[in-house]
Structures are given as structure tokens and as C-alpha cells.
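**Q** Okay, handing you the structure first.
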Ligand SMILES: NC(=O)c1ccc[n+]([C@@H]2O[C@H](COP(=O)([O-])OP(=O)(O)OC[C@H]3O[C@@H](n4cnc5c(N)ncnc54)[C@H](OP(=O)(O)O)[C@@H]3O)[C@@H](O)[C@H]2O)c1
């Protein structure tokens, strides 16, 4: 395994593995025994960066989520896992009532929600401090200053270590960080967005914004990460939810934005480099991301230990400069 540092303050910054593990189906679609086996394997391989959210997986049973955090709490207790693994969670997108969703009825980012939801996450995970807490989605109804102050208060009292943000427009991330800096408060340092090797179209309206998809890592955020190396980029759905090995998934309506004119050329380049490197296409995507000019931490999902093993092996795959150029120039 390889490691890098997230955060800057010596009191809260952490060393984490360059490959993170997502758990959004754990405790629902992925049963307890398999989830525990995947978590055990990840930690045995040196993995130290696990991701969840208070809303996972509300869509699985029409509830409000919490199953993934609950499962992680049981796993932590049964294995005696404590401070050696960073467990990141998120708040803001949990539906306020069963049968609703983050698109129409999200808990949001008011000071009250931030306090109460973070307490519930600590209870479910069985920890006194959340290592990394993200704002999961934007809440345009709450002043940014309120959200910024509420997150900072949790850091000040020691119930949260690092702060992160997901699915926000780049300008709102920067504005929130400026508000925090001006007030002498800790701001978002970890940015979690959807990102993979395929380029998305940016001209389609999104589920939550007529202007596009704020959850997609594009040029604005990449240039921000390049310019601010103290920030960390984390990529969700790096394997396109299995789309690189299952074409039907790539063609599903949820991936409409990957109907980009460059997609066929990029898929061909991937296959070509994978053959050349003696690796799988998934491994090439992960190695490309981990070792890129702007290194990003891939946050992979897995529903079996074998899938995780394939992803773990990508950490040791070094692409040559020529292979990297072939990938970068395609499409
Ligand atoms: N911030 C956000 O809004 C947000 C949004 C989405 C996700 N996330 C986080 O990101 C994590 C990962 O997201 P994701 O699951 O979409 O990521 P992903 O890594 O792109 O997809 C994981 C899925 O790909 C398939 N897969 C993985 N390895 C494979 C292999 N070797 N061969 C064939 N198929 C393979 C599996 O699908 P099957 O299980 O069907 O086999 C697996 O469940 C989540 O758990 C969550 O923590 C965050």
C-alpha cells in the first residue's frame, strides 16, 4: 500500500492509503458477512481510508439510511478497529422522511442538522470523533456562513477532525473556504466528486441544478486542486460502477453524460494500455488517477473480495510516461 496525507493542521491531519473503500451498499445490497470480509481484506492490505454517509442506503428500503454506518460500527467493535483507520462520513443528503429522497427532501446543512446528524453518525459508528466529515450536497437555503461556523464548531470541540465537501459547485467551495479563512476557522480540505477516466459532457442539466452536474469533477475543480496542493481530491465511482467491464452499465441513462464524443477513443486507449501493461482496464483507470499530475484518491466500491483484490493491485501498477500520454491524448 502507499499513503498520503490529508489535511494540514498537525492536530487533525491524517495519513491515508491512496486507495479508499466505499461502503454505500454495505448492510443493504451487500450482506454483513461479505461486507466484513471486504473490510477485513482492505485493512489487511494496508487500506486505511473508508467512506460512508448518514444517508446510505435510504434508496435500498425506502427508509432514511444509516445501515452502512451501523454496519461499520459493528465491524469496528468486532475487530477492535480504532484510530488506525480513517472513517469518513457525510451529512446533508439524508431524506427527512421515509419514501423521499435527497433531491426533494434532504436534511440540508443548517447548524441544527450539522450538530444533530453528526451526533447520530458518531453513535452509529461508535466513535467519539468523526475523522473526516463531509457536507454531502449543497443546501442553497442556508447561508454558507452558518454552515461554515457549524462545521467549525464541531472541530473546535473535538468531535470532528477534518472537514470535506462533496457535490458542490467549485465557486461555493471556494466561497465557503474564504468565509472560514476570514473568520480564522477550519474549512473544507477534502473534495469528493465523481471522477473517472472517461470525460463527461458538461452541457446537460443535472438532477439538482439546471446548470449541470455540480457533483462532477471538471476543469474548475481540477485546476483548483492543482493550484492548492494542500487540498485533497477524492473520486467516487472511479470504476463507473462496473461500467468499464459491463457495457450495459455505461449505456444506462444515469451515465448519459458519458455519451461524450471522446468516449470510444478513450475506451480503446484503455484497452490498448491494459494489454500493454498486463493489467485490467479497471486497474489502468485507478493507476492513471493515483499517479496523475493532480493525484486523486480513487474511492472504489466492491461487492466481493475478488473485486477489491483487483483494485488493490492497481496501487502497484506504474504506468510508463508513454502509456500515460496515450491515455491522456485519447479522445
Ligand atoms: N459523494 C457522493 O455523492 C457519492 C456518490 C456515489 C458514491 N460515493 C462513494 O463512493 C463509493 C464508491 O462508489 P461506486 O460504488 O459508484 O464506485 P465504483 O468503484 O465506480 O463502482 C463499484 C462497483 O463496480 C463494480 N466493480 C468493482 N470492481 C469490479 C471488478 N473488478 N469487476 C467488475 N465489476 C467491478 C461492482 O459492481 P457490482 O457490485 O454490481 O458487481 C462495484 O460495486 C461509494 O461506496 C460511496 O462511499 C459517494
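**Q** Using mean Cβ contacts within 10 Å as the protection proxy, how do 124-132, 174-182 order, highest first?
**A** 124-132, 174-182
**Q** Here is a further query. Compute the label zone of residue 2 within segment 192-226: residues whose backbone N is under 18 Å from the point 7 Å along Cα-to-Cβ.
**A** 196-197, 226
**Q** On a 0 to 90 degree scale, rounded to 10, what angle separates helix 170-182 from the longest Cα axis of the chain?
**A** Between helix and principal axis, roughly 40 degrees.
**Q** Express as a percent, rounded to the nearest 5, the fraction of DSSP beta bridges in the chain (both residues included) that run antiparallel.
**A** Close to 15 percent.
**Q** When the helix-only estimate is applied to the chain (DSSP H runs of n ≥ 4, each -39,500 (n - 2.57), divided by the residue count), what is the mean residue ellipticity at 222 nm, nearest 500 deg cm²/dmol?
**A** -11500 deg cm²/dmol
**Q** Taking neighbour counts of Cβ atoms within 10 Å as a proxy for exposure, in what order, fewest first, do 69, 32 appear?
**A** Going from least to most buried by this count: 32, 69.
**Q** At a 10 angstrom cut-off on C-beta neighbours, averaged per residue, how do the peptides 209-216, 296-303 rank from highest to lowest?
**A** Top of the packing list down: 296-303, 209-216.
**Q** Here's a follow-up. Suppose R0 equals 41 Å. What FRET efficiency, 1/(1 + (r/R0)^6) with r the Cβ-Cβ distance, do residue 123 and residue 203 give to the nearest 0.05?
**A** Approximately 0.45, to the nearest 0.05.
**Q** Compute the acute angle (0 to 90°) between the alpha-carbon long axis of helix 111-125 and the principal axis of greatest extent of the alpha-carbon atoms of the chain; round to the nearest 10°.
**A** Between the helix axis and the principal axis of the chain, the angle is about 70 degrees.
**Q** Multiply the residue gap between residue 175 and residue 37 by 0.36 nm, knock off their C-alpha separation, and tell me the result in nm, one decimal place.
**A** Computed gain between residue 175 and residue 37 is 45.6 nm.
**Q** With angles folded into 0 to 90 degrees, how steeply does helix 144-157 sit against the dominant principal axis of the chain? Use alpha carbons for both and round to 10.
**A** 80
**Q** For segment 162-292, give the share of DSSP beta bridges that are antiparallel, in percent and rounded to the nearest 5; count only bridges with both residues there.
**A** Approximately 0 percent, going by the DSSP bridge assignments.
**Q** For segment 132-147 and segment 213-274, what is the separation of their C-alpha centers, rounded to whole Å?
**A** If you average the Cα positions of each part, the centres end up 25 Å apart.
**Q** Moving on. Considering only DSSP beta bridges where both residues belong to segment 82-181, give the percentage that are antiparallel (nearest 5).
**A** Of those bridges, close to 10 percent are antiparallel.
**Q** Let me ask something additional. Under the 0.36 nm per residue contour assumption, what length would be gained going from the current alpha-carbon distance of residue 268 and residue 245 to full extension?
**A** Result for the pair: 7.0 nm of gain on full extension.
**Q** Quick one: Cα centre-to-centre distance for segment 66-88 and segment 284-310, in angstrom?
**A** 22
**Q** Something else now. Pick from 28, 320, 202: which is most flexible by mean-square fluctuation in a GNM of the chain where alpha carbon atoms under 10 Å apart are linked?
**A** It is 320.
**Q** A further question follows. Roughly what would the spin-label model give for residue 145 and residue 104, points 7 Å off Cα along C-beta, in nm?
**A** Going by the 7 Å Cα→Cβ label model, 3.5 nm.
**Q** Find how much the distance from residue 60 to residue 320 grows on full extension, using 0.36 nm per residue of separation minus their present alpha carbon separation; answer in nm with one decimal.
**A** Length difference between fully extended and current span is 89.4 nm.
**Q** Based on the mean of other Cβ atoms within 10 Å per residue, sort peptides 185-194, 254-263 so the most packed one is first.
**A** 185-194, 254-263
Values in this text are rule-based calculations from the coordinates and carry no lab data. Note that the structure is predicted; figures quoted are calculated from it, not measured. Neighbour counts are summed over all protein chains in view; Cβ atoms, including those assigned to glycine, are modelled from backbone coordinates with ideal geometry.
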